[in-house]
Amino acid sequence: MTTTNLPINGKQKRVFVGDIFGWEIEFEYSAATITYAVFGLRIVMGWIFLQAGLDKFFAGDWSAAGFLNNAIHEGNPFLNTFHSMAGNGLVDALNVWGQILIGFALIFGILVRWSAFWGAVMMIFYWAASLQGGLTEFLPLEHGWVVDDHLVYAVLLFALGALGAGRVLGLDALLEKTPVFKENRWLGFLLG
């Protein structure tokens, strides 16, 4: 996959050239528009996580136990797994602090790939908790067929990591210029 500047109608245009599932694609795009969209998406997703985490934190005695014991459909194929998580202090802490830290990381654009990955994992767990039963019965989720808001968030988080969203007015862009990150390229898997 490459992006190139091509002269089109006398003006330089940015063109993305790549392939997906064996199909070659090529399209013109506006770098400015994509930059604003990536930045906006990162801030909005960060706010969603931060607000959810802070709501739980300021509730004081918040626990996932109420949801895990009472809100998961009886036909959910993972019902016993979720019930076993109820009342586990680690599960509660990972929910609260995971959401807060992921929110801050996305908003400030720091360790975006790492944070987006764990945010997507969290969303997959939430999605799995909304399944209603069996191979055919679980398809109608409460808010859609197979795809609900949690799955949408997981895919958006994947996109933020893939796009290197932390480099757009984020601290990841500054960290990548430091000697530590220049000498340890593997750390780039956390940034972006």
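None of the figures in this text is laboratory data; all of them are computed from the coordinates on show. Bear in mind the structure is a predicted one, so any value in this text is a computation, not a measurement. Cβ placement follows ideal geometry from the backbone for every residue including glycine, while neighbour counts extend to all protein chains displayed.
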Pseudo-spin-label distance Leu79 to Trp47, built 7 Å along Cα→Cβ, given in nm, is 3.9
In whole Hz, with x marking every Gly and Pro, tabulate ³J(HN,Hα) for region 16-24 from phi via Karplus 6.51 cos²θ - 1.76 cosθ + 1.60, θ = phi - 60°.
8, 10, x, 9, 9, 6, x, 9, 7
So if I place +1 on the C-beta of Lys and Arg and -1 on the C-beta of Asp and Glu, and nothing else carries charge, what would the dipole magnitude of region 35-189 be about its Cα centre? I want it in debye, nearest 20.
740
Putting +1 on Lys and Arg Cβ atoms and -1 on Asp and Glu Cβ atoms, find which of Phe108, Asn70, Thr35 reaches farthest to the positive end of the dipole of region 15-143.
Phe108
With R₀ set to 35 angstrom, the calculated FRET efficiency between the beta-carbons of Thr178 and Ala93, to the nearest 0.05, is 0.70
Given the rule -39500 (n - 2.57) for each run of at least 4 DSSP H residues, summed and divided by the residues of the chain, what is its mean residue ellipticity at 222 nm, to the nearest 500 deg cm²/dmol?
-17500 deg cm²/dmol
DSSP loop chymotrypsin sites (Phe, Trp or Tyr not before Pro) with at most 15 other Cβ within 10 Å excluded, longest remaining stretch of the chain
79-192
Using a Förster distance of 30 Å, how high is the FRET efficiency between Leu187 and Ala162, based on the Cβ-Cβ distance and rounded to 0.05?
0.95
Amide H within-cut-off set for His73, under 5 Å, with H built and near neighbours excluded:
none
Ranking Tyr153, Val180, Leu163 by how far each Cα lies towards the positive end of the charge dipole of region 141-192 (+1 on Lys and Arg Cβ, -1 on Asp and Glu Cβ), the top one is Val180
Contour minus end-to-end for Asp61 and Ser30, with contour as 0.36 nm per residue of separation and end-to-end as the Cα-Cα distance?
6.4 nm
Between Trp145 and Leu171, 0.36 nm times their residue separation minus their Cα-Cα distance comes to what?
5.6 nm
Output the 0 to 90 degree angle, nearest 10, between the alpha-carbon long axis of helix 112-129 and the longest principal axis computed from the alpha carbons of the chain.
40
